[in-house]
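**Student:** Below is one structure. I have some questions about it.
The values are calculated or read from the model by the stated rules, or taken from the named source; none is laboratory data. None of the values given here were measured: they were computed from a predicted structure. A quick note on method: Cβ atoms are made from the backbone with ideal geometry, for glycine too, and the neighbour counts reach across all protein chains shown. For the accessible areas, the whole protein counts, side chains as well, though only heavy atoms, and no ligand, DNA or RNA atoms are used. Shrake-Rupley method; radii C 1.70, N 1.55, O 1.52, S 1.80 Å.
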Amino acid sequence: MSAQWMVYAVAVGMVVTLAALLAEQGTRLARRAGRWIWALAMVASVVLPLLTTGAGDPPALLERGAGPARAALLPTLALSGFPATPALVARAWLPERTAPAGGVQVDIDKVARRVALLGSLLAAALLLASSLALRRRQRCWRRGMIAGTPVLVSVDAGPAVIGLLRAQIVVPGWLLHADPRQQTLVLAHEQAHIDAGDQRLLALVALLLVAMPWNLALWYQLRRLRLSIEVDCDARVLARGHRLADYGAALIDVGSHAARTPTPRLAVITPALTESAGFLEQRLRLMTRRPARWHRVLAPVLLLAALDIGVVAARIAPPQGASAAQVAKVALPSRQALAGYYQLDAHRIGIVTVAADGLELAINAESRWRLLPEAEDRYFVPATGLRARFDRTAGTLTLSGLGVATQPASRVDATAVERADAWVAARVASQQPLPAGEAIVRRNIGARTVGELHAADFTPGFLRQAVVSMAQQRAFNEANGRVLAVTFDGVNRAGWDCYQVRYATRTVRWAIWLDTDGKLAAATPVAALR
């Protein structure tokens, strides 16, 4: 979750709200229930943004046979022990942030995540506190009977419905002495809520608010849902044969006795008859409105317009980490000057090409990574902590992540790519492990502390990454138990040596890359076998 994503979620909610407003008007003109429009709007406002949280993430590396060359671009840790799923990769490789000289850098995304978490916890706490407050007040209520219907009688709370599985009607004490016709209408209204399950509907949408309390569109949608629930309930009461004049008078009279100490709204679940004057006025206006001939024509038009806007909301593109303005700052000719081949090590060539929104980077013939601009000659891979920095003067490319940078890779010509591809092809054809690879895996795969690592087995940069990730490895090894066996499992299509590592609880297939000195330069789990 980032600040950009939160703004995106609010924008989606606003577009969904516009679609729901049109759809609600269409259903009202067609004399149909409208509460489901707003319930669906609240669900869409939460689900649509959540469906995009994985957009731009790197693909999972747990599929058997997946080449690790793409993972090698990331600062993957030989002994992190975490399957390289998109979510874990995105969390694990966030770059370290340093404060610029003369000031303090604020991580907006981190602040946004904390605000969102705090808001959810606060909303959940308020919901719980409201329920507990209702339970305390309920102890003072007594059981009674109105028009043959059992009710709970309070001093000043209600009329309302409480309870999800066993719904009960709560009425204020003054209603016991009201006109019998008014009592019947109040009970008919609350029973209509129970029959429709309105209390359960509002309980479910309350959970959506707990998930995204910072989304202002959801709060407006909840207000419209509460109004729509009451309007639908009014229509059901009148459809059962009650006179409009009597029912309207009952609403006004009950509204005039509004409780001075209202029952907590979230705890009551269904709105009481006692709402604000503006709320009641809207309901009375809708009840007394007579259908016109043109309503039948306008209703489907509004519903179609709502459907079109809903499609627009679903197709709003999520943030990709760089704005269009940022991309535009890096002109195409400037990016073209960075394209070419970069020697990462003896057998790994970084191939940089120009893309519509930035650059693309691949290792030899492997899949490409999108590089989006974030500053002059600086790029990043969306949803990861991988950064790429170009030096035009020196003609080099430096990759970094997890606070560790690779050695600058110098420009080379196409023959270097051919040599690297030939070396990989020979490795794949041989299906033989590189010397010392199995011994390196055996010595380090079960390490739970930095002291247990054999530093001489690592390249300097990869050792720094392993040290940073030791806490993750320790948790993984503690969960899976000790290492029982290490078996060579062939060379994959990218030229990496693969080993089956059998732990106490499962077997994991690891792929490792050794440099020309026989040092461990990268490794990644590529399959969980059981």
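**Student:** Residue by residue through segment 419-430, what is 3J(HN,Hα) from phi via Karplus (6.51 cos²θ - 1.76 cosθ + 1.60, θ = phi - 60°)? Round to whole Hz and write x for glycine and proline.
**Tutor:** So the Karplus estimates, Gly and Pro as x, are 5, 5, 5, 5, 5, 4, 4, 5, 5, 5, 5, 6 Hz.
**Student:** Pop out the carbon and sulfur fraction of the accessible area of segment 194-240 as a percent, whole number, probe 1.4 Å.
**Tutor:** Answer for segment 194-240 is 67 percent, counting heavy atoms of protein chains only.
**Student:** Next up: Multiply the residue gap between V450 and V210 by 0.36 nm, knock off their C-alpha separation, and tell me the result in nm, one decimal place.
**Tutor:** Extra length from V450 to V210 when fully extended: 82.3 nm.
**Student:** Okay, moving on. At 1.4 Å probe size, put L127, L304 in order of accessible surface, largest to smallest.
**Tutor:** Most to least solvent-accessible, the answer reads L304, L127.
**Student:** I would also like to ask the following. Given charges of +1 on the Cβ of Lys and Arg and -1 on the Cβ of Asp and Glu, with all other atoms neutral, how large is the dipole of segment 328-476 about its Cα centre, in debye to the nearest 20?
**Tutor:** 320
**Student:** Moving on. Between I146 and residues 5 or more places away or on another chain, which pairs have amide H atoms under 5 Å apart, with H built 1.01 Å from N, and which residues are they?
**Tutor:** Here V151 satisfy the definition.
**Student:** How much FRET efficiency would the formula 1/(1 + (r/R0)^6) give for R200 and R368, where r is the Cβ-Cβ distance and R0 is 30 Å, rounded to 0.05?
**Tutor:** Between R200 and R368 the formula returns 0.05.
**Student:** Please give the solvent-accessible surface of S131 in Å², to the nearest 10, using a probe radius of 1.4 Å with every protein chain present.
**Tutor:** 50
**Student:** On to the next question. Would you mind working out the accessible area per residue for segment 414-506, using a 1.4 Å probe, and quoting it in Å²?
**Tutor:** Dividing the accessible area of segment 414-506 by its residue count gives 48 Å².
**Student:** Here's a follow-up. Once the whole set of protein chains is in place, how much accessible area is left on I512, using a 1.4 Å probe, in Å² to the nearest 10?
**Tutor:** Using a 1.4 Å probe on the heavy atoms, I get roughly 10 Å².
**Student:** May I ask you to evaluate 6.51 cos²θ - 1.76 cosθ + 1.60, the Karplus curve with θ = phi - 60°, for each residue of segment 248-254 and list the ³J(HN,Hα) values in order in whole Hz, giving x for glycine and proline?
**Tutor:** Values, residue by residue: x, 5, 5, 4, 5, 5, 5 Hz.
**Student:** I would also like to ask the following. Between A147 and R114, what FRET efficiency follows from the Cβ-Cβ distance if R0 is 60 Å, with the result rounded to 0.05?
**Tutor:** Step by step, r from the Cβ atoms, then E = 0.70.
**Student:** On the accessible surface of segment 457-525, probed at 1.4 Å, how many percent belong to carbon and sulfur atoms?
**Tutor:** Here it works out to 48 percent.
**Student:** So if R0 is 45 Å, what FRET efficiency would A305 and L121 give, r being the distance between their Cβ atoms, rounded to the nearest 0.05?
**Tutor:** In this case the efficiency is close to 0.70.
**Student:** For segment 183-199, just list the computed ³J(HN,Hα) in residue order, Karplus coefficients 6.51, -1.76 and 1.60, θ = phi - 60°, integers in Hz, with x standing in for Gly and Pro.
**Tutor:** My calculation for segment 183-199 gives 4, 4, 5, 5, 5, 5, 5, 5, 5, 5, 4, 5, 4, 8, x, 5, 5 Hz in order.
**Student:** Going from most exposed to least, what order do K519, K110 have by accessible area with a 1.4 Å probe?
**Tutor:** So, going from the largest accessible area down, we get K110, K519.
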